[in-house]
1. Could you work out how much longer the chain between ARG304 and ALA336 gets when fully extended? Use 0.36 nm per residue separation minus the Cα distance between them, nm to one decimal.
2. How much length would be gained if the chain were fully extended between ARG354 and ASP86, taking 0.36 nm per residue of separation minus their Cα-Cα distance, in nm to one decimal?
3. If I model region 82-146 as equal point scatterers sitting on the Cα atoms and use the Debye formula, what is log10 I(q)/I(0) at q = 0.14 Å⁻¹?
4. Quick check: residue separation of ARG129 and GLU100 times 0.36 nm, minus the Cα distance between them. What number comes out in nm?
5. I'd like the chymotrypsin sites (Phe, Trp or Tyr not before Pro) in region 187-269 restricted to DSSP loop residues with at most 11 other Cβ atoms within 10 Å, sorted by number.
6. According to a simple spin-label model (label point 7 Å from Cα along Cα-to-Cβ), what is the distance in nm between ALA251 and ARG208?
7. Go ahead and run the numbers for FRET between GLN60 and ALA197, Cβ-Cβ distance against an R0 of 45 Å, rounding to 0.05.
8. With every protein chain kept in place and ligands, DNA and RNA left out, what is the accessible area per residue of region 68-193? Probe 1.4 Å, answer in Å².
Amino acid sequence: MNHRRAERARRRWALLAVAPSILLAACGSGEEPVADPVRPVRVVTVVKHEGGETLSLTGQIQAQDEVSLAFRIDGRMVERLVNVGDQVEAGQPIARLDPEPARNALRTAQANLNAAMGQQTLARNDYERQETLLGQGWTTRARYDTAAQALKAAAAQVDSAQAQFDTAQDHLGYTELVADGAGTVTARGAEPGEVVAAGRMIVHLARRDGRDAVFDVPAPVFRIAPANSVVTVALTSDPAVQAMGRVREVAPQADPVTRTFTVRVGLQDPPDAMRLGSTVNGSIQVGGVGGFEIPATALTQANRQPAVWIVDQATSTVALRNIDLERYDLARVIVARGLEADEIVVTAGVQALRPGQKVRMLGAGP
């Protein structure tokens, strides 16, 4: 019994002797600090965002200049030389009236002119005779004055007859309707055999040079659209066929039925596929300025200013950068300054990051 008690006492003293050395060894061993883990984050690639929103309206292609060709005088149309869709050149005959009435009027005017010129010749001879006799004292001043007055009246009759002759000659020329410019016939208003009044449309001509895209614009869009807007016009049937244009003309008054304003957009070098009457879509940008769009979850704060975490792709580390905001809502942020296209921004996990920390990107889609 005594032997066991003595053995336990020796063991306790041995442990007490070894304990200090164990503690000293523990204090003297320098353990390396634990490295920060690579933190997974969700990211997005910065994409340039065009300011405002795109408005699109449907319209049609029309000629910039259109004219209704008509006769200047009444008459029976005996011939129309063009039809809808025909291409015409300047000076090309379009239609003709029966020329006989105009020829008869010209003959009458010619006869009246000849008669007036004959009377003028007689009046001139009488005047010259009275002038000679008055100089020799063989006639009276009264007869001389009468001859002078008769010569003036005869000259006036010649002028009147000449004017009537010129008018009759013009009317004969007006029996043929000619195109005053190149273009395309888009409509006809009379058929051969009809008696047409002066000014009645015979054909409608769309000028060849210049085409417009014409839109009926609602009042709200009309108010917010910027002045001198650049409009992208594309064929509805083939959106790849496009042309650029600027607003050339705006109706000063709204349509009384639709309450829309007619806007004509002058096209710059329109392709041949944009034929007259083609249906097109016109698009413009309204409101706001350009910037970079990122999700709202990417936004944080640094130095009491808005900031985002930028990922360095070469080192897979993050850095905090201040930005200037254009506008934002619950879903997205438009950055005016502070970002460049194709940079990578952290969108999830921004609260647990520190500058220089290594990250593992989970997604880099736009």
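1. 9.8 nm
2. 88.9 nm
3. -0.67
4. Difference between extended and current length: 6.0 nm.
5. Working: sites: PHE215, PHE222, PHE261; in loops: none.
Hits after loop and neighbour filter: nothing returned.
6. Spacing of the two 7 Å Cα→Cβ label points: 3.1 nm.
7. 0.90
8. 58 Å²
The values are calculated or read from the model by the stated rules, or taken from the named source; none is laboratory data. Keep in mind that what you see is a predicted model, and the values were worked out from it rather than measured. Note: ideal-geometry Cβ built from the backbone for every residue, glycine included; neighbour counts use all protein chains shown. These accessible areas exclude ligands, DNA and RNA; they are computed on the full protein's heavy atoms, side chains included. Shrake-Rupley method; radii C 1.70, N 1.55, O 1.52, S 1.80 Å.
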